[in-house]
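Read-outs: derived from the displayed coordinates by stated rules, not from any lab. The shown structure was predicted, so the numbers you read here are calculated from the model rather than taken from an experiment. A quick note on method: Cβ atoms are made from the backbone with ideal geometry, for glycine too, and the neighbour counts reach across all protein chains shown.
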Amino acid sequence: MDSPTPAPVTRETAVDALRECGIADGDVILVHSALRPFGDVDGGATTIAHSLQDAVGPAGTVVAPAFTFRHEVDADPVIDPLGDRSEMGAISEAIRGMPGALRSTAYRHSFAAAGTRAAQVVETDPALPVFDMLSTFGRLLALDTKIVLLGLTYTSCTSFHFGEYLVQIPDRHVVARAVRIRGADGTLTRATLADYQPRPTEDGREYEHEHDFSRAGLLLERAGAVRVGAIGNAVVRVFAMRDLVHLLLDRYGLEPDIFYVDPQTGMTELPDGVSVSTGDLRDGAGRLVETFWSCVDPTRMHT
């Protein structure tokens, strides 16, 4: 006999699950998400975006990466904070399109935010890299932000790059990029933006070592700092940005390879959920990238 078809995720069931994972009224949350692992969602990405807003309430703030990599291949890139679509998935784009949502200005790593702290998060100096303590990530840290992973492993958690910036790992650096910025009135203004990028290796690869952010993520889980649950078929992980930053700063001196795959044990397996490779995808700049979905049952992922 076939198993009964699970009920679709609704706005109400998503809010309940987020509450069970520790999201509360007034929280500032940074959300990394993928829609496919959820399975059937009544209302799609918009439902998940609204459930996040419901979970933090009118005093809270929802933040999502709204990254755009396609400008890297433009000869004279035009950064359009109002018009550029997010390359970070349907939920991210739904958050960017929320009424009253704001977006930061950045060469690649812009953020969308909706809620009481939105302006504080996104109205930063684009001449600084977003990972600077005076820019978006520094402000998120000061606001005691909670990180929410929806249907993704730690591989997709940009706060690990914040940790890399703070410890000054050798294979990334800040570069200046000349761009034009389109204002709300359509006018174009020339500017120089800072971007935190991989430092190319001698053989042309982006990184000398393969990243494994789940290695530190598992340490965080073992320390009891991560709440794990599920919305539909998507595994949910919630933890404090401050806890992650403290762990990375503490461990880096002892394990300088904490951000990378352990050559002895390979890629870290997480105890909750099933990690499913996305396979090779191309970002807006045409690079092949791979990330990992996190789900309860791979057969229930939305196709």
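Considering the chain at the alpha-carbon level, its Rg and Dmax are found to be 18.7, 64 Å. Based on every Cα atom in segment 82-131, Rg and the maximum pairwise Cα distance Dmax equal 10.5, 28 Å. A viscosity of 1.002 mPa s and a temperature of 20 °C, combined with the Kirkwood radius over C-alpha pairs in the Stokes-Einstein formula, give segment 51-167 a diffusion coefficient of 147 µm²/s. Based on Cα contacts under 8 Å between residues 6+ apart, segment 146-255 shows a relative contact order of 35 percent. When only the Cβ of Lys, Arg, Asp and Glu is charged (+1, +1, -1, -1), the dipole of the chain relative to its Cα centre reaches about 680 debye. Highest GNM mean-square fluctuation among Val236, Val148, Val78, for the chain modelled with Cα contacts below 10 Å: Val78. Which GluC sites (Glu not before Pro) does segment 194-278 hold that lie in a coil by DSSP with at most 14 other beta carbons within 10 Å? Sparse-neighbourhood loop GluC sites (Glu not before Pro): Glu202, Glu206, Glu208, Glu210, Glu269.
Considered as an equivalent ellipsoid built on the Cα gyration tensor, segment 198-303 has semi-axes of 24, 22, 12 Å, the largest given first.
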